[in-house]
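The next block holds one structure in the form of structure tokens; read it before the comments.
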Amino acid sequence: MVETLLPSRFHSHLQKLDPTKRRLASHKTLLFTLLWIAAFASVFLWQRTSYIGGPVVGGRFAVFGRAKPVRPVPRLRPVVFDLKDFGGVGDGVTVNTEAFERAVVEISKIGGSGGGQLNVGPGRWLTAPFNLTSRMTLFLAEDCEILGVEDEKFWPLMPPLPSYGYGRERPGPRYGSLIHGQNLRDVVITGHNGTINGQGQSWWKKYQRRLLNNTRGPLVQIMWSSDIVIANITLRDSPFWTLHPYDCKNVTIRNVTILAPVTGAPNTDGIDPDSCEDMVIEDCYISTGDDAIAIKSGWDQFGIAYGRPSTNILIRNLIVRSVISAGISIGSEMSGGISNVTIENLLIWNSRRGVRIKTAQGRGGYIKNITYKNITLDNVRVGIVIKTDYNEHADDNYDRKAYPTLSGFSFTGIHGHGVRVPVRIHGSEQIPVRNVTFRDMSVGLTYKKKHIFQCSFVKGRVFGSISPRPCENFDVYDEGGRLVKAATESTVPDIDYDI
């Protein structure tokens, strides 16, 4: 519960920091930050204990004898409905699928006059999957929780995504998402931090025991749509990927908390922008059982044929954790191309990897013009990873000559401590990594061995002071841009996966 309240306050703390001072961060600064988090958590736990132990006034909890105020729901559309108007019952037992469906039908009738807002009040609202409509706002009140039914027979099957060709886990159809939308415009999912809970525990167990014949469904999936806003809510325990915008334009995801167990919750990626254009993800906290964010654009020959890139994506002011995978990933399904991505003001803590780019022979496509700024690594095994042999394929018919191209990666203001391997860039003769730039990097290590900045088939530049010392593949320049030492490119892999 502490995690769900950390984002907004801690992000505001990060945003107030002078970027110049952040670049000069020392171990003392990081220690102060950690002590600040611990102090805040202690205060919150004390407040929560006082809250839970307080008396009940008028059916509501009270803090220090005063009733907790009910937050008024804002009017965001010309017409406002309440789920109870359609027979909804928030007792955690009654299935509300028909109530949601009836409400969506009513809103679809008034799209021409500005659309409608569906309020879901406090309570536990059990439902099977349902679809949204254009010009709709789904508003989740404080203490509202939408619960997905656990029996997969109530989850409809859908065709595979066209850029994947197969179900991502099993051939054939895939399960739909709990909240779904296709070919929509102007959709908002927001609230007073209400929750959408996929109740994924039964899905994870069945997947691990190979009891499912189809690919699991996401928690929220919006496809072929534009002008989408998802803000001020919590998403948790998805059966599969949590939030999956697919082939969408103009998407904003802001102040969203995404949670799943860090182990035992397979493939519960936080946010997976897939063939999306013009997207902002900001002020979020994500801790899940896989990548916190994974930018994608299709899988092998199917993604090449679909041909929709992910481009113009801004990710900023996030706190993320991934014990199993990486904080922010690009790929490995990137066959439609990924470009013009900026990732800034990011804290990655207690994770296996910090930021990762992954691809392979057969993917085709490109990854280019990727910028990382002001990245803090706190107890991360491998900080920066570029991997070109991530050999998962849809089938055996992929084109062995479809080599992706990788170029244009900028890393500025990379700091942290407790990192085992700061950099691991593993290009190959067929998939070299080009035009990589490092500036202002200082990472405290936990593993004092030679191979801590690992490179193969990579070319790039280093400006100014970099710690630890970069590998020989990089030209070294001083702060004024004058060449100090020319690169000595090595084609011998200097990758040690044992550390």
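The values are calculated or read from the model by the stated rules, or taken from the named source; none is laboratory data. It should be emphasised that the depicted structure is a prediction, and the values quoted were computed from it without experimental measurement. All Cβ positions, glycine included, derive from the backbone under ideal geometry; neighbour counts span all protein chains shown. These area figures cover heavy atoms from the full protein model, side chains too; ligands, DNA and RNA do not enter into them. Shrake-Rupley method; radii C 1.70, N 1.55, O 1.52, S 1.80 Å.
Things worth noting here:
- Each eigenvalue of the Cα gyration tensor of the range 189-313, multiplied by 5 and square-rooted, gives one semi-axis; in descending order these are 23, 20, 11 Å.
- Prolate/oblate/rounded label for the range 360-457 (Cα gyration tensor, a/c 1.5): prolate
- Rounded to the nearest 10 Å², the accessible area of residue 483 at probe 1.4 Å: 100 Å²
- Note, ³J(HN,Hα) from phi for the range 473-479, Karplus 6.51, -1.76, 1.60, rounded to Hz, x at Gly and Pro: 6, 10, 5, 10, 10, 7, 4
- Per residue solvent-accessible surface (Å²) - the range 101-168, probe of 1.4 Å: 39 Å²
- Scanning residues 5 or more positions from residue 443 or on other chains, those with amide H under 5 Å from its amide H are 467, with H placed 1.01 Å from N in the peptide plane.
- DSSP-loop GluC sites (Glu not before Pro) across the range 318-404, with at most 14 other Cβ within 10 angstrom: 392
- For the range 95-184, the percent of C-alpha pairs falling in each 10 Å distance bin, counted from 0 to the bin holding the largest distance, reads 16, 40, 31, 13, 0.
- For the cross-link pairs 153/249; 373/459; 205/296; 387/485; 153/206, the ones whose C-alpha atoms lie over 23 Å apart are 153/249; 205/296; 387/485.
- Isotropically averaged projected area of the range 261-357, using the convex hull of Cα atoms (one quarter of hull area), nm²: 5.5 nm²
- Heavy-atom accessible area, probed at 1.4 angstrom with all protein chains present, ranks 396, 237, 151 as 396, 151, 237, highest first.
- Added length on full extension, which subtracts the Cα-Cα distance from 0.36 nm per residue, residue 153 to residue 202: 16.4 nm
- Stokes-Einstein diffusion for the range 167-223, with the hydrodynamic radius set to the Kirkwood value over Cα pairs and evaluated at 4 °C in a medium of 1.567 mPa s, equals 99 µm²/s.
- Contour excess over end-to-end distance, with Cα ends at residue 446 and residue 350 and 0.36 nm allotted per residue: 33.2 nm
- Pair residue 465, residue 397: separation of 7 Å Cα→Cβ label points (nm): 5.7 nm
- Ligands, DNA and RNA left out, the 1.4 Å accessible surface of the range 229-333 is 48% carbon and sulfur atoms.
- Length gained when the stretch residue 389-residue 185 is fully extended (0.36 nm per residue, less Cα-Cα span): 69.6 nm
- Here the Karplus relation 6.51 cos²θ - 1.76 cosθ + 1.60, evaluated at θ = phi - 60°, turns the backbone of the range 196-210 into coupling constants of 10, 10, x, 6, x, 4, 5, 5, 5, 5, 5, 5, 5, 8, 6 Hz, with x for every Gly and Pro.
- FRET efficiency for residue 342 and residue 75, using Cβ-Cβ distance with R0 set to 45 Å, rounded to 0.05: 0.85
- Of the residues 429, 282, 101, 106, ranked by 1.4 Å probe accessible area with the largest first, the sequence reads 429, 101, 106, 282.
- Applying the criteria of a DSSP loop state and at most 14 other Cβ atoms within 10 Å to the trypsin sites (Lys or Arg not before Pro) of the range 202-288 yields 209, 210.
- Sulfur and carbon atoms: percent of accessible area, the range 165-214 [1.4 Å]: 42 percent
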